[in-house]
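The values are calculated or read from the model by the stated rules, or taken from the named source; none is laboratory data. Keep in mind that what you see is a predicted model, and the values were worked out from it rather than measured. Methodologically, a virtual Cβ is constructed for each residue, glycine included, from the backbone with ideal geometry; neighbour enumeration extends over all protein chains shown.
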């Protein structure tokens, strides 16, 4: 990769224009060498090689610098943990995110979405990005804590999460670690937000232990935090310490708020600018649901809704870039990746590769119709990652998107609002810029039934 600077290498390009940079890397070959500050770095661009790195060669790579920075917030949660400990945590947590549990959680998702959209007025211009952040945060906190977090705790989480995510995103691409330690306003805000988050979550965990949350879990009336406290490793029978439960709760808050809010916001934005696609989706909802609201059992039948979600996640995946670091010298695609180097791959660049997707920047849900989807390279679509480190909450996130979009589109037509086009703001998780949309209430038949 040409164009590096002395000492800083390509770190300035990665930090100032990250999405353009990772797409430029793709044009130089399947594996491209560059520098991040004093470190050797490599970008893996070919889908076959990315899949090898994430699956058959997964044990040859540690999670790398981005995940090391993530430990500042999520400590040793599922997102950041390594090796046998990571596998143990996945064995404990994965059963809590299976179909039966997700079916239960969709009731909460729908209730929260209804409560929010009922506040919208016909013809009102709303900040859709803010509305859906609130919905996603309310959903993940209700699923985790039921109603026990309280208004004060929820407000603290609401204030802290965006600051922590922005700080992690800056740290992940900083050329030197010294920048994290300087007495800047951003570093002060980051430390304060982290302290607030710790106080709130540790207090809630302590309260749950004292109230006997395990009994709630055994009775099947638990929220996700009670289930985490009661969960046991099937192989050893061991549970998690309060410290580890904290790490997993924070990981779920991070993964379950901005990732979902971002994807939902982009879906609404894209539909507002493609009225024919929006009309087709609303026609499917009416055809499949009649005069009732969407429920979990409908999701498999709403095929065009699933295509809209798939295409949104192709254009705007849950993360734009991930890093790895070889634990020993690794041969990949005929090239040597030396131990300790930084290796990155960009899901954003992969899923917009014109050699893999015709008209890659076009919003085209029909590319996921069965006959066309069969022609897509099987490793060219990994919006939630892949392999043993793929997102454990993928099915939860997809169900949440479908339920919330179903609630919105049953009641409103989405139209472009004022202001410039939305653009991605790249942090650890890419989020949209200000996204004003105008909502027009749709007429509903006299027999319409809201699901309860």
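Annotations for the structure displayed:
- Here the helices (runs of 4 or more DSSP H) wholly within segment 340-420 that include at least 3 residues being on the phi < 0 side of the Ramachandran plot and modelled with pLDDT under 95 are 394-411.
- Residue within segment 169-187 that is at negative phi, modelled with pLDDT of 90 or more, part of a loop (DSSP other than H, G, I, E, B) and in contact with a helix residue (DSSP H, G or I) (Cβ under 9 Å, 6 or more places away or on another chain) present: no
- Filter result for residue 319 (in a loop (DSSP other than H, G, I, E, B) and under 21 Å from the mean Cα position of the chain (by Cα)): yes
- Any hit, segment 329-342, residues being crowded, with 21+ Cβ neighbours inside 10 Å, under 30 Å from residue 425 (Cβ atoms) and under 26 Å from the mean Cα position of the chain (by Cα): yes
- Failed item, numbered, when residue 243 is tested on (1) modelled with pLDDT under 90; (2) surrounded by fewer than 22 Cβ atoms within 10 Å (Cβ to Cβ); (3) closer than 23 Å to residue 79 by Cβ: (1)
- Entirely in segment 38-150, the helices (runs of 4 or more DSSP H) that have 1 or more residues that are closer than 30 Å to residue 342 by Cα and in contact with a strand residue (DSSP E or B) (Cβ under 9 Å, 6 or more places away or on another chain): 47-54, 65-74, 83-93
- Selection of first residues in segment 307-325 that are within 18 Å of residue 366 (Cα to Cα) and of second residues that are at pLDDT below 90 and surrounded by 21 or more Cβ atoms within 10 Å (Cβ to Cβ), restricted to Cβ pairs under 7 Å at least 6 apart or on distinct chains, gives the following pairs, ordered by first then second residue: 316/430.
- Considering the conditions (1) in contact (Cβ under 8 Å) with a residue 60 or more places away in the chain; (2) surrounded by fewer than 13 Cβ atoms within 10 Å (Cβ to Cβ), residue 353 is excluded by exactly one of them, (2).
- Residues that are over 15 Å from residue 441 (Cα atoms), in contact (Cβ under 8 Å) with a residue 60 or more places away in the chain and surrounded by fewer than 22 Cβ atoms within 10 Å (Cβ to Cβ), drawn from segment 112-133: 127
- When each of 215, 267, 226 is tested for being modelled with pLDDT under 90, in contact with a helix residue (DSSP H, G or I) (Cβ under 6 Å, 6 or more places away or on another chain), over 20 Å from residue 158 (Cβ atoms) and part of a helix (DSSP H, G or I), the lone residue that passes is 226.
- When residues of segment 275-311 are limited to those that are buried (at least 17 other Cβ atoms within 10 Å of the Cβ) and in a loop (DSSP other than H, G, I, E, B), the one modelled with the highest pLDDT: 302
- Selection count where residues are surrounded by fewer than 19 Cβ atoms within 10 Å (Cβ to Cβ) and in contact with a helix residue (DSSP H, G or I) (Cβ under 6 Å, 6 or more places away or on another chain), scope segment 356-379: 2
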